[in-house]
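Right, one structure below, let's go through it.
The values are calculated or read from the model by the stated rules, or taken from the named source; none is laboratory data. Small disclaimer: the values here were computed from a predicted structure and weren't measured. Neighbour counts run over all protein chains shown; Cβ positions are idealised from the backbone, glycine included. We work out accessible area using only protein heavy atoms, side chains counted, and drop any ligands, DNA or RNA first. Shrake-Rupley method; radii C 1.70, N 1.55, O 1.52, S 1.80 Å.
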Amino acid sequence: MKNLAILGATGSIGASTLSVCQNNPELYRVKLLVASKSVDKMLALCKTFNPDYVAMSCPKATDELAFKLSKTDCRSTLVKNEAELLQLIASVEIDCVMAAIVGGAGLKSTLAAVKAGKEIFLANKESLVMSGQLFIDAVQKSGAKLWPVDSEHNAIYQALSPNLQNSIGHCQLEAEGVSKILLTGSGGPFLNKALSEFPSITPAQAVKHPNWSMGQKISIDSATMMNKGLEYIEARWLFNASREQLQVIIHPQSVIHSMVQYIDGSVIAQMGNPDMRTPIAHVMGGEKRITSGVENLDFFSSPEFSFIAPDFNRYPCLKLAIDACYEGQQATTTLNAANEVAVEAFLNGEIQFTQISQLVDRVLQTSKRQSNSSIEELLLIDSDAKNRALSLIRREILC
Ligand code: NAD
Ligand code: MG
């Protein structure tokens, strides 16, 4: 039985992970649950899963949870602060870590697990986008086992040879006969919407993904296709892929979760219903297939499959992300930070849907060259980009 920490336990990936745990009670002991502010959700999880440790990043939520836990017979120990949390994640008490905090907020805890050589189930793509080479170097140095949870990257992983699966971060794709990684995406809710209507898109419309049920931030990222851009950067790092080896294809049905094309013309696709419990069960099962609770794909009632090339006029965020990928680390850290602020501002009704890409573009264009060879420097780039994005919103200087 392995001891599992779930970072982002009250979120969508957290819920799917806990559901896979319940389906396979002999495999994992839920040792540590981490979240931000949702006290009542966390309290309910503590009552059901009885973790040894629980942590909330928000101090007020920590106090409130402590009070509410004291009224129950739950014996979970509350972790007091970030330093204590990072120490616990790195300790012998934890074997595996589901990294599922949303955004750059997940970087420090995910890296703590990486540096301690844990088995990492990586859902938090933003941490890899923010730190790229440093993250991959840390994985290699510690010998951590990195499993891609993002459905596309998990699909790609499943379609690779064992040699490549065992060299995540350092894959020699060409040597193993891979000609292309084909990253699929649904195109989100606005694939067929008239471009003239884009400025009036509301948050409620944008969070409504046609196929997947996910947290708010990734749902907005899917509507702008920034999500596919972040995934493009994620794939570049996980599979050591060059520009020629990476291609984005819109597949509106979300049944094929991505594909790998080989030099002999073979294309291997991974398919399934759009439900994150499948990739989560794949990584949590390790070498063995385990039940996920997801229904089998019904080919006879599945709609036809279609494939479309992405249109950068419709999805300017995708272009910004691909360009940033080849500009370098400072650009991808900046892109991610500006996007986080833009998505939040859009959800709060402060900017229009079309201003998300404008804001990210503006922050990227006004970045000054900064050194980015340590995590501390990357965190400075992140906070600098966020501050500039916020100030642009406040001064309403968007084109
Ligand atoms: P979500 O918004 O549903 O949940 C986010 C979780 O992170 C919550 O538990 C929240 O409390 C926690 N959190 C936020 N800030 C925190 C902080 N500072 N410290 C500690 N905890 C904090 O998000 P989600 O949809 O579950 O996505 C989580 C991550 O997984 C994201 O990086 C996303 O891109 C990735 N991902 C999600 C899906 C999906 O289907 N939801 C698919 C692929 C990848
Ligand atoms: Mg994905």
_Please verify whether ILE249 is more than 12 Å from the chain's Cα centre (by Cα), buried (at least 21 other Cβ atoms within 10 Å of the Cβ) and under 22 Å from ASN273 (Cα atoms), treating the condition exactly as stated._
no
*For LEU128, all conditions in the list (1) more than 16 Å from ligand 2 (Cβ to nearest atom); (2) assigned by TED's automatic domain parsing to the domain that holds VAL20; (3) open to solvent by less than 10 Å² (accessible area, probe 1.4 Å); (4) not in a strand (DSSP E or B) hold save one; what is the number of the exception?*
(1)
*Odd one out for PRO189, checked against (1) more than 17 Å from ASN227 (Cβ to Cβ); (2) surrounded by fewer than 21 Cβ atoms within 10 Å (Cβ to Cβ)*: (1)
*Among the numbered criteria (1) part of a helix (DSSP H, G or I); (2) closer than 23 Å to LEU122 by Cβ; (3) more than 10 Å from ligand 1 (Cβ to nearest atom); (4) in contact with a strand residue (DSSP E or B) (Cβ under 9 Å, 6 or more places away or on another chain), which single criterion is violated by THR17?*
(3)
_Out of the residues in the range 136-156 meeting the condition of being in contact (Cβ under 8 Å) with a residue 60 or more places away in the chain and over 12 Å from ILE120 (Cα atoms), tell me which one is nearest to ligand 1 (Cβ to nearest atom)._
ASP150
*asked:* Restricting to the range 157-166, and then to whatever is more than 16 Å from ligand 1 (Cβ to nearest atom) and in contact (Cβ under 8 Å) with a residue 24 or more places away in the chain, can you tell me which residue is surrounded by the fewest Cβ atoms within 10 Å (Cβ to Cβ)?
replied: LEU160
*asked:* Any residue at all in the range 40-55 that's under 15 Å from GLY106 (Cα atoms) and either open to solvent by 10 Å² or more (accessible area, probe 1.4 Å) or away from ligand 2 (no atom under 16 Å from the Cβ) (or both)?
replied: yes
*Which one of these does GLU82 not meet: (1) within 12 Å of ligand 1 (Cβ to nearest atom); (2) acidic (Asp, Glu); (3) in contact (Cβ under 8 Å) with a residue 40 or more places away in the chain?*
(3)
_Any residue at all in the range 352-365 that's β-branched (Val, Ile, Thr), touching a residue at least 40 places away in the same chain (Cβ under 8 Å) and open to solvent by less than 30 Å² (accessible area, probe 1.4 Å)?_
yes
*What number goes with the only condition from (1) among the aliphatic types (A, V, I, L, M); (2) touching a Leu at 6+ places or on another chain (Cβ under 8 Å); (3) open to solvent by 30 Å² or more (accessible area, probe 1.4 Å) that ILE268 does not pass?*
(2)
*Please specify each residue of the range 75-102 satisfying the condition of being surrounded by fewer than 17 Cβ atoms within 10 Å (Cβ to Cβ) and either in a loop (DSSP other than H, G, I, E, B) or β-branched (Val, Ile, Thr) (or both).*
ARG75, THR77, LYS80, ASN81, SER91, VAL92, GLU93, ASP95
